[in-house]
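Readers should treat all values here as calculations from the given coordinates under stated rules, not as data from a laboratory. Treat the numbers as computed from the prediction; the structure is a model and nothing was measured. Because the Cβ atoms are built from the backbone with ideal geometry, glycine has one as well, and the counts that use them run over all protein chains shown.
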Amino acid sequence: MSQGIDAFWNALDDDLARYPMKAELEPLPQHSTAASTTYGVRLTSVGPYRISGYYSVPNAPQPAPGLLITPRYGSVNNVPDYYDRERYAVLQLIHRGQRRADRPFAAAYPGLLTVGIDSPETYIYRGIVADCLRGAEFLRSRPELDGGPVGIQGDDLALLTAARRPAFTAVLASELVLYRLLEASERTTAYPWEELNDYLRTAPESRPAVANTLGYFDPIHHVSSIRSRTMLTAIDGNGPRGEAWLDPLRATCGGSCATYRLTHKGAIDHDWLDAWMAGQLGTEPRSRFRVLG
């Protein structure tokens, strides 16, 4: 399958390159502070489709390290965290179908995970990954970075983007969905995996086609191209998102790759992961304990 996967993604890169970015930035005073200026961003991706995002730049002397936050699995993405806006030129991307990028396509949750899933060419994640690649291109082009370090964080989309756009210094990946998706759906009834179970119950004859499609999008077939430092977050247990579950992915990464086991104590996990990314990008960590204390 490797040659087929490579050809598929190279064709997507060619398709994306045919569309000028046509970046538009609109100041958002309501989300700007004394420390940073925030903009609404519009970009053109494959389709063509106009996607969106929030881009914030520190008001301190530049250049600033960059941070790309790939879209979460859900309808709404928020303005980047206040303390990220203080330190990074940070882009929270919003992919097609999500709020602020939901015309002409409005994504349904649950439901997005299986849109067009019978073929790699029609699977919604083909366009979504292209959206993330375009976001990476936009961020790297910004003069505020001046060629400095850039991090990326998110779910599988962060891994796929880092594999296709090798300019990232550090990758932080959490709450993976596309990784071993078909296998995971057989072991749990939790969402979003249950979306795939629902689909296969209504169309069981589609299972071979679905398995083929998911092979193109599973990050395990891509992460060998990542050369940056990578951190995966894991939960307790042997099920999906557990540390043992992630071992094959970690072993396949092209660069150094480690796992952080979540404590499920929000401030502790936030501070550890924040300090890790800050250390990779050469800036100061921001502790929730210090801020709240």
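Recomputing semi-axes √(5λ) of the Cα gyration tensor in Å from the coordinates shown identifies the correct label among (i) 34, 22, 15; (ii) 41, 32, 18; (iii) 29, 23, 18 as (iii). Between the amide H of Arg261 and those of Ala234, distances stay under 5 Å, these residues lying 5 or more places away or on another chain, with hydrogens modeled in the peptide plane. Once you reduce segment 20-46 and segment 235-293 to the center of their Cα atoms, the two points are 29 Å from each other. Put simply, the amide H of Arg229, placed in the peptide plane, has neighbours under 5 Å in Val171, leaving out anything fewer than 5 places away on its chain. Counting beta carbons within 10 Å around each of Leu273, Leu133, Leu232 and listing the fewest first gives the order Leu273, Leu133, Leu232. Computed from backbone phi with θ = phi - 60° and the Karplus coefficients 6.51, -1.76 and 1.60, the 3J(HN,Hα) list for segment 271-284 is 5, 5, 5, 4, 5, 4, 5, 4, x, 5, 9, x, 10, 8 Hz; x is used for glycine and proline. Segment 84-117 and segment 48-82 have their alpha-carbon centroids 12 Å apart. The H on the amide N of Gly242, modeled in the peptide plane, is under 5 Å from the matching H of Ile235, each at least 5 residues off or on a different chain. Taking the DSSP beta bridges with both ends in segment 2-280, the antiparallel portion is around 45 percent.
Cysteines without a disulfide-compatible partner in the chain, using Cβ under 4.7 Å as the rule? Flagged as lacking a Cys partner: Cys132. Scalar couplings 3J(HN,Hα) for segment 120-130, obtained by applying the Karplus form with A = 6.51, B = -1.76, C = 1.60 to θ = phi - 60°, are x, 5, 9, 4, 4, 6, 4, x, 5, 5, 4 Hz; x denotes Gly and Pro. Each residue of segment 251-264 was assigned a 3J(HN,Hα) from its phi angle through the Karplus expression (A = 6.51, B = -1.76, C = 1.60, θ = phi - 60°), giving 5, 8, 4, x, x, 5, 9, 10, 10, 10, 8, 5, 8, 6 Hz with x at Gly and Pro.
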